[in-house]
Amino acid sequence: MRAMAHDELFSLQGKTALVTGGSRGIGRMIATGFVQAGAAVYVASRKIADCEAVAAELSEVGRCTALEANLSTEGGCRALADAVAAREPRLDILVNNAGATWGAPIEEFDEAAWERVLALNVKGVFHLTKFLLPLLGEAGTQEDPARVINIGSIDGIHVPFLETYSYSASKAAVHQLTRHLARRLAPAITVNAIAPGPFESKMMAATLESFGEQIAASAPLKRIGRPDDMAGTAVFLASRAGSYLTGAVIPVDGGIATLG
């Protein structure tokens, strides 16, 4: 077998990717890493102006296109899949990153706190993947599978300190959905999940402002995550380097969930 060069092993040259929730936080970190690795990237979110700003910035490095999407409904997932299909004959990489959280004392945790979070975090992941299967199937082979990367959370692995009941339950569901889809879609499509710990994002902003130093101190690696930590893991899963991995949930958290 021919030895593969390092840059070829982690290259995404010639690949097309869709990153939901790609205008900020974890999604933006991943989209940036993909563009830098050579992929043509679509970033999607409800706020098209934010997506267009990110796409314009990343287009200075490679190819990045903004799409508007509301993934909290099945119809919204279908619309995004149709928008990608109108532009591309195949899709090599899908990153299901769009998500929501909710925190409230248990006595005040009502129906809306469950419906909003589970609709986007769980049902959105399932429906968008379902509608994009034709494009993923066009891209994937046994030797070079298409990739689905779901963004879970360490809050779906350990018990979180904050009262975010629907969020932690939704992320545990994403991890199990990842395994279920991985079994069903092999061998032409791999499905893996990244479970981030603390990273700088809008979702984590208030928590890090209040408890950032304590969180960093409690982590075995004594810091919060950097953008390159997230981008590196996603590029690994999307590239030739990660092609023999499926059904995995990878904590990227400085050891908090597994060593804490």
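For the reader, a short list of remarks on this structure follows.
- Between helix 227-238 and the chain there is an angle of about 50 degrees, using the helix long axis and the longest principal axis of the Cα atoms.
- Highest-first packing order for the peptide set 126-132, 102-108, 222-228, 38-44 is 38-44, 126-132, 222-228, 102-108, based on the mean count of other beta carbon atoms within 10 Å.
- Simple spin-label estimate for His180 and Leu245 gives 2.4 nm between the two label positions (7 Å along the Cα-to-Cβ direction from each Cα).
- Within the chain, helix-based [θ] at 222 nm, where runs of 4 or more DSSP H residues each add -39,500 (n - 2.57), nearest 500: -13500 deg cm²/dmol
- The stretch 6-251, relative contact order in percent, only Cα pairs under 8 angstrom and at least six apart counted: 21 percent
- Filtered trypsin sites (Lys or Arg not before Pro), the stretch 56-106: DSSP coil and at most 15 other beta carbons within 10 Å: Arg63, Arg87
- Axis of helix 124-139 versus longest Cα principal axis of the chain: the two differ by about 20°, to the nearest ten degrees.
- Rounded tilt (10° steps) of 165-185 against the dominant C-alpha axis of the chain: 30 degrees
- 18 Å cut-off, amide nitrogen to a point 7 angstrom out along Glu138 Cα→Cβ, residues in the stretch 79-98: 79-95
- Environment charge of Asn192, counting only residues whose C-beta is closer than 13 Å and scoring Lys/Arg +1, Asp/Glu -1: +3
- When peptides 244-250, 56-62 are sorted by average Cβ neighbour count within 10 Å, with the highest value leading, the order is 244-250, 56-62.
- Spatial offset of the stretch 11-50 relative to the stretch 97-112 amounts to 27 Å, using the alpha carbon center of each.
- Given +1 at the Cβ of Lys and Arg, -1 at the Cβ of Asp and Glu and no other charges, the dipole of the chain around its Cα centre is 680 debye to the nearest 20.
- On the basis of the beta-carbon distance and an R0 of 35 Å, Ala217 and Glu163 show a calculated FRET efficiency of 0.95.
- Charge sum, other residues only, whose C-beta stays under 14 Å from Glu138's C-beta, Lys/Arg counted +1 and Asp/Glu -1: +1
- Structure remark: mean-square fluctuation, Gaussian network model of the chain, C-alpha springs under 10 Å; the largest value among Glu115, Glu74, Glu200 belongs to Glu115.
No lab work stands behind these numbers, since they all come straight from the coordinates. Predicted model, so just to flag it, every value in this text is computed and none were measured. Cβ: placed from backbone, ideal geometry, glycine included. Neighbour counts: every protein chain shown.
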